[in-house]
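The block underneath contains the structure these notes are about, expressed in structure tokens.
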């Protein structure tokens, strides 16, 4: 798997603050896609798409608490 990292402009992090950061996209070419956003404030948003088509979404605030993050549209970025 080859991952790519790219910066992203400030958007609302799981803690509610506007923060930029880095986006990691990893794809094995067979259906496994990992999309992680690491915000400058320390929050993280995770989206894992598995070979069977299932999707796991989670969001973690910078203080380590998991939050219910509203599902946002995926624009392929």
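State, as an integer percentage, the relative contact order of the chain based on alpha-carbon contacts under 8 Å between residues 6 or more apart.
It rounds to 22 percent for the chain.
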Self-check item: Reduced Cα scattering model of the stretch 2-67, Debye log10 I(q)/I(0), q = 0.17, 0.25, 0.27 Å⁻¹
Solution: -0.60, -1.02, -1.09
Quiz item: Distance in nm between label sites at residue 26 and residue 5, each 7 Å beyond Cα in the beta-carbon direction?
Solution: 1.3
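Every number here is computed from the coordinates shown, using simple stated rules; none is lab data. Since the structure is predicted, the reported quantities are computational estimates derived from the model, not experimental observations. In this analysis, Cβ positions are derived from the backbone assuming ideal geometry, glycine residues included, and neighbour counts consider all displayed protein chains.
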